[in-house]
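Chemist: First the structure, then my questions, so here it is.
FYI, it's all coordinate maths here, none of it is from the lab. If you're wondering where the values come from, they're calculated on a predicted model, not measured in any experiment. Glycine gets a Cβ as well: all are built from the backbone with ideal geometry, and neighbour counts include every protein chain shown.
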Amino acid sequence: MPSSFEHLAVLRKELEQRRRAEEERVRRARAEEEKSRREAALFRDATRDVLPLAAPPRAAAPAQPVPPIPHMHRRDEADALASSLSDGISAETLIDTDEALSYAREGIGPDVLRKLRRGQWVIQGEIDLHGMTRDQAREEVARFLQSATKEGKRCVRIVHGKGLGSKNRTSVLKAKVRHWLMQTEAVLAFTQARGADGGAGAVIVLLRPTPP
């Protein structure tokens, strides 16, 4: 039978193994925490110096100026933005993509996109493009993003549909919407919605913070 010294040696070995396992667990936890802190700092640095676009020079006022109409001014801006969105951009221009066609601009950490996929951002607005033509949808998306940015919204949803009722049972607007979003400076990231938020028929968009 093993002596008491042998039992003691076995016990010491087990305690040493447990101690090393605990030290490894603590080391990994600290490394993960440090990684999260670095990603959060990277996101803050990426958005800290965001500046508003310079306003275009105004024409001289006429002798009897007509009071401006804000709604018309917004519509003109949105129309200009919509006309700048191209349909010809290819998927190769994505900075950061995955199988869910997620996207994040350069400098945006993976933790930001991961939280967006998990639904940890509160959706503050949405637009439904069902029944619209491609040109109509492009204009409405431009207006919607412009309005959401001016209102200080950070996370919005765009419903483009799954295309189940279309000829080829594919969404015509799905790829178009993603291409337009990549060309919009206010968009930091986007990803396919979770099932509860529309799944393959919608995209969740993270917008730049509005400068103070």
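Chemist: Counting other Cβ atoms within 10 Å of each Cβ, which GluC sites (Glu not before Pro) in the range 119-212 have at most 13 and sit in a DSSP loop?
Modeler: Numbers: sites: 126, 139, 140, 151, 185; in loops: 151, 185.
Passing sites in the range 119-212 are 151, 185.
Chemist: I would also like to ask the following. What nm distance separates the two modelled labels at residue 28 and residue 115, each placed 7 Å from Cα along Cα→Cβ?
Modeler: 2.4
Chemist: Which length gain, in nm to one decimal place, applies between residue 133 and residue 197 when the Cα-Cα distance is subtracted from 0.36 nm times their residue separation? Working shown, then result.
Modeler: Numbers: separation 64, 0.36 × 64 = 23.04 nm, distance 2.30 nm.
Gain in length upon complete extension: 20.7 nm.
Chemist: Could you sort the peptides 105-114, 22-31, 201-210 by per-residue average Cβ neighbour count (10 Å cutoff), highest mean leading? If you can, show how the numbers build up before the last one.
Modeler: Values: 105-114: 16.2, 22-31: 10.0, 201-210: 20.7.
In decreasing order of mean packing, 105-114, 22-31, 201-210 become 201-210, 105-114, 22-31.
Chemist: Roughly how many debye, to the nearest 20, is the charge dipole of the range 101-212 about its Cα centre, given +1 on each Lys and Arg Cβ, -1 on each Asp and Glu Cβ, and no other charges? Don't skip to the answer; put the middle values down first.
Modeler: Values: 20 positive and 10 negative charges, 70 e Å.
Its charge dipole is roughly 340 debye.
Chemist: Follow-up question, since we're still on this one. Under a 5 Å amide H to amide H cut-off, with H placed in plane at 1.01 Å, what residues pair with residue 155 once short-range neighbours are removed?
Modeler: Distant-sequence amide H within range of residue 155: 124, 207.
Chemist: For residue 208 and residue 21 in one chain, what is 0.36 nm times their gap in residues minus the Cα-Cα distance, to one decimal in nm?
Modeler: Values: separation 187, 0.36 × 187 = 67.32 nm, distance 4.27 nm.
Additional length available on full extension: 63.0 nm.
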